[in-house]
Amino acid sequence: MARGFFITFEGGEGAGKSTQIDALADRLRGKGFDVVVTREPGGSQGAEALRHVILSGAAEPFGPAMEAILFAAARSDHVEQLVRPAVARGAIVLCDRFIDSSRVYQGITSHLQPSFMVSLERVTVNGMMPDLTFVLDIDPAEGLRRATQRRGTGIADRFEKEALAIHRKRRKAFLDIARKEPERCVVVDASDTPQRIGSRIAEIVETRLEASGIKPPLERAGDEI
Ligand code: TMP
């Protein structure tokens, strides 16, 4: 059976994840791949319903464990309804944030117990680990400036609003994860131009797809004749 590829994009606010995801999706579609673009929290009907509850700050008064469980509930729905079926049919799934955001935002900066976070992650991911994760690394002061500019007159979400020192701690935590899991994670300097970042990401993805023997559906069909 065809197996696709699951790529996640992580990093602080304003790192340019969605710009890079869109560019990569265009490029891969141009080569004939079946590409699914998604995001967390969200990406499936159940998870999108929880997105507003979480990001509006409505769950904040109930504490970080409640928020972590809501993120986990959203992730479980997203994994089972969208990510796993897409990868199983051979698609390339590009996801804006995934487990590393929970590890960093809830685990590190909301100070939840590591054993609690590990258990939640195991249940929600249920084996559907990313094949590749890009950590887009940016100075949080610059990232927040970009996020503010992008938002225009909109309101900052529950997490964007937090102090710069917390965002700095998150940056370090993402880099720590990448150091501990070098097979899965690639750190990309997100202060570079979008074009250069895009070329670097595309090169890495194409190398990994080739190494994993993943081809666009039409080429695959040709192999099977
Ligand atoms: P975004 O869609 O603009 O990236 O907003 C999502 C926000 O939610 C962002 O501030 C990071 C935060 N978040 C967590 O705290 N934990 C998670 O598991 C995920 C997926 C996101």
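Each 5 Å bin from zero holds the following percent of Cα-Cα pairs in the range 9-73: 4, 15, 19, 18, 19, 12, 7, 4, 2, 0.
Separation of the range 142-185 from the range 1-55 is 17 Å, based on Cα centroids. Per residue, the convex hull around the alpha carbon atoms of the range 135-225 comes to 148 Å³. Estimated at 0.36 nm per residue, the fully extended path between Arg208 and His111 surpasses their Cα-Cα distance by 31.5 nm. Note on the range 86-141: dipole from Cβ charges, positive end direction compared against Val135, Phe116, Ser102; the farthest Cα belongs to Phe116. Placing Ile155, Ile214, Ile7 in order of accessible area, with the largest value first and a 1.4 Å probe, yields Ile155, Ile214, Ile7. Of the solvent-accessible surface of the chain, computed with a 1.4 Å probe over protein heavy atoms with every protein chain present, carbon and sulfur atoms account for 56 percent. Shown here: the chain, whose C-alpha atoms stretch 59, 37, 35 Å along the first, second and third principal axes, sorted largest to smallest. Here, the range 101-142 yields an orientationally averaged convex hull projection of 3.8 nm² when only Cα atoms define the hull.
Charges were assigned to the Cβ only: +1 to each Lys and Arg, -1 to each Asp and Glu. The resulting dipole of the range 1-61 about its Cα centre is roughly 320 debye. Taken about its Cα centre, the chain carries a charge dipole of about 280 debye when Lys and Arg each add +1 at the Cβ and Asp and Glu each add -1 at the Cβ.
Put simply, the convex hull of the Cα atoms in the range 63-112 casts, on average, a shadow of 3.5 nm².
Jot down the per residue volume, in cubic angstrom and as a whole number, of the convex hull over the alpha-carbon atoms of the range 1-123. List each step's numbers first, then the result.
Values: hull volume 12.3 nm³, N = 123.
In the range 1-123, the Cα hull volume divided by residue count equals 100 Å³.
3J(HN,Hα) along the range 181-193, derived from phi through the Karplus expression 6.51 cos²θ - 1.76 cosθ + 1.60 where θ = phi - 60°, amounts to 10, x, 5, 8, 9, 10, 8, 10, 6, 7, 8, 6, 6 Hz, with x in place of Gly and Pro. Per-residue extension of 0.36 nm, minus the Cα-Cα distance of Ala156 and Met66, leaves a gain of 30.3 nm for this segment.
Stokes-Einstein diffusion for the range 102-182, with the hydrodynamic radius set to the Kirkwood value over Cα pairs and evaluated at 20 °C in a medium of 1.002 mPa s, equals 149 µm²/s. Take the convex hull of the alpha carbons in the range 186-225; its mean projected area over all directions comes to 3.4 nm². Quote the relative contact order of the range 67-160 in percent (integer), defining contacts as alpha-carbon pairs under 8 Å separated by 6+ residues. Result for the range 67-160 is 33 percent.
Peptide packing: for 138-151, 87-100, the average count of neighbouring Cβ atoms within 10 Å per residue gives the ranking 87-100, 138-151, highest mean first. Rounded to the nearest 20 debye, the dipole size of the range 1-128 about its Cα centre is 460 debye, using +1 on the Cβ of Lys and Arg and -1 on the Cβ of Asp and Glu.
Excluding same-chain neighbours fewer than eight residues apart, the lysines reachable from Lys169 by a Cα-Cα span under 18 Å are Lys161, Lys180.
The values are calculated or read from the model by the stated rules, or taken from the named source; none is laboratory data. Note that the structure is a prediction, hence the values are computed from the model and not measured. Cβ atoms come from the backbone with ideal geometry, glycine included; neighbour counts cover every protein chain shown. Ligands, DNA and RNA are excluded from the accessible area calculation, which covers all protein heavy atoms including side chains. Shrake-Rupley method; radii C 1.70, N 1.55, O 1.52, S 1.80 Å.
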